[in-house]
Amino acid sequence: MTHEREAIRRMTGYTPGEQPERDDIIKLNTNENPYPPADGVLHALAGIRPEQLRRYPSPTSASLRRVAAAMHGVEPDAIVATNGGDELLRLAISTFVEPGAPIGIAEPSYSLYPVLAAVNGSAVIRVPLDERWHPPEDFAATMNRAGVNLAFLVNPHAPSGTLLGADRIEAIARDLDGVLLVDEAYVDFVDPALEHDLVPLTRALDNVIILRTLSKGYSLAGLRLGYGIGAPELLRPIATCTRDSYSVDAIAETLGVAALEHRHEAAVTWAAVRDERERLTDELIRLGCDIAPSQSNFLLATLPVGTTASARDIHERLRERGLYVRYFDQERLRDSLRITVGTPPQNSLLTAAIDRLLASPPTT
Ligand SMILES: *Cc1c(COP(=O)(O)O)cnc(C)c1O
């Protein structure tokens, strides 16, 4: 006998990237920043007082919201703090989507969205991305026709890394009847010369939420801290009703404040990742791969046409050599590997191994 809800019985859960316990693995499979968190964050960690652990944390994560608000030039009520960006995704669904009502996505994208939709008993309205990994012109119209009240766009896009301009996002948001959640998990790695900034959109429109996380840019995936930016009246029901009072713990809030205050230290790692992103792209192109132009900290590498081994095989053979990358058994992705940009030595080891695997015929 089973006790779970019908919708839960029918669903399959999220498959996270592998987190090996061995530390001799070159881990380029879950898009972590290859560099350590800022010194300022580690000092803040050493300075955690027992009293901070004895007491409940701020129910609204007041200090984190204040610092994030000042950084983005918005008021603190335009920020909601969450237990990782993933919690914001779940909260957006429980706040804006009636149980069973549809949720919209452009495919392929972050594989957690359909899982969270399934928990809500929601159908997923899937619109295929075009050949440049951009949503089609009629994205908003399709969502409106399907009665979607919440649509997710990940930008820079995952798993291709490509960036959609703020003007296109704005056009979609203006046409959309429901809420647009723009998942900016990787936005810290965008070239600053592009001056990409969606925050003004959250002041102009009352149906846009931006997701930010400290997991990737700030090297704090283990901390579980993210936040949303949006119009205060849009975020209010999340802040006052659906959010768990203490989902951001005292350590996360203290370290999050330190991370944002030492943003310039993290920014050094973003520049290093951008340099290596360019070098890794060039190297993989030299090996015959096709690479989507990435503004993120990962690349989607499509193996050269005519390669005898499949991407799945190459993924497995890299894994046997202690080199972890990500393979998605999904339409449009089966001939590709998603590779996190690592440190220069890590990237060199990876490209050398790929070079050898592409040159050697399959063993079977
Ligand atoms: C990493 C990631 C998130 C958020 O991750 P958290 O660790 O929960 O903050 C959200 N969306 C995408 C596409 C991601 O890759």
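A short reminder: the numbers here are calculations on the coordinates, not readings from a lab. Predicted model only: the values in this text are computed from it and were never measured. All Cβ positions, glycine included, derive from the backbone under ideal geometry; neighbour counts span all protein chains shown.
For Ala292, nonlocal amide neighbours, meaning residues 5 or more places apart or on other chains whose placed amide H falls under 5 Å from its own, are Leu300, Thr302.
Among the GluC sites (Glu not before Pro) within segment 53-154, those in coil by DSSP and having at most 14 neighbouring Cβ atoms inside 10 Å are Glu131, Glu137. Whole-percent P(r), the chain, all Cα pairs, 10 Å bins from 0: 5, 23, 32, 26, 12, 2, 0. With a simple spin-label model that places each label point 7 Å from the Cα along the Cα-to-Cβ direction, the separation between Asp77 and Glu278 comes to 4.4 nm.
Looking at the chain alone, DSSP beta bridges between its own residues are antiparallel in about 50 percent of cases. Our note on the geometry: Cα centres of segment 192-246 and segment 295-314, 32 Å apart. In this label model, Ala359 and Asp175 are separated by 4.9 nm, measuring between points 7 Å along each Cα→Cβ vector. In percent, rounded to a whole number, the relative contact order of the chain is 23, using alpha-carbon pairs under 8 Å and six or more apart. Report the trypsin sites (Lys or Arg not before Pro) located in segment 1-53 that are in a DSSP loop and have at most 13 other Cβ atoms inside 10 Å of their Cβ, or state none. Those that pass, being in a loop and sparsely packed, are Arg5, Arg22.
How big is segment 140-254 by the Kirkwood estimate over distinct Cα pairs, in Å? Kirkwood radius, segment 140-254: 15.3 Å. Sorting 33-42, 220-229, 313-322 by average packing, meaning the other beta carbons within 10 Å per residue, from highest down gives 220-229, 33-42, 313-322.
Multiplying the residue separation of Asp167 and Leu205 by 0.36 nm and removing their Cα-Cα distance gives an extension gain of 12.4 nm. With both labels modelled 7 Å from their Cα along Cα-to-Cβ, the Arg132 to Tyr56 distance reads 5.0 nm. What the Cβ-Cβ distance of Asp329 and Asp290 gives, at R0 = 25 Å and to the nearest 0.05, is a FRET efficiency of 0.85.
Amide hydrogen proximity for Ile125: with H placed 1.01 Å from N in the peptide plane, the residues at 5 or more positions away or on another chain lying under 5 Å are Ile103, Gly104, Ile105. The stretch between Asp197 and Thr12 holds 63.0 nm of extra length on full extension. This uses 0.36 nm per residue minus the Cα-Cα distance. Loop-located GluC sites (Glu not before Pro) across segment 148-250 with a Cβ neighbour count of 12 or fewer within 10 Å are Glu195, with loop assigned by DSSP. Does anything in segment 316-340 have its amide N under 16 Å from the 7 Å Cα→Cβ label point of Arg22, and if so which residues? Correct set: 316-325.
The DSSP beta bridges internal to segment 155-273 are antiparallel in roughly 55% of cases.
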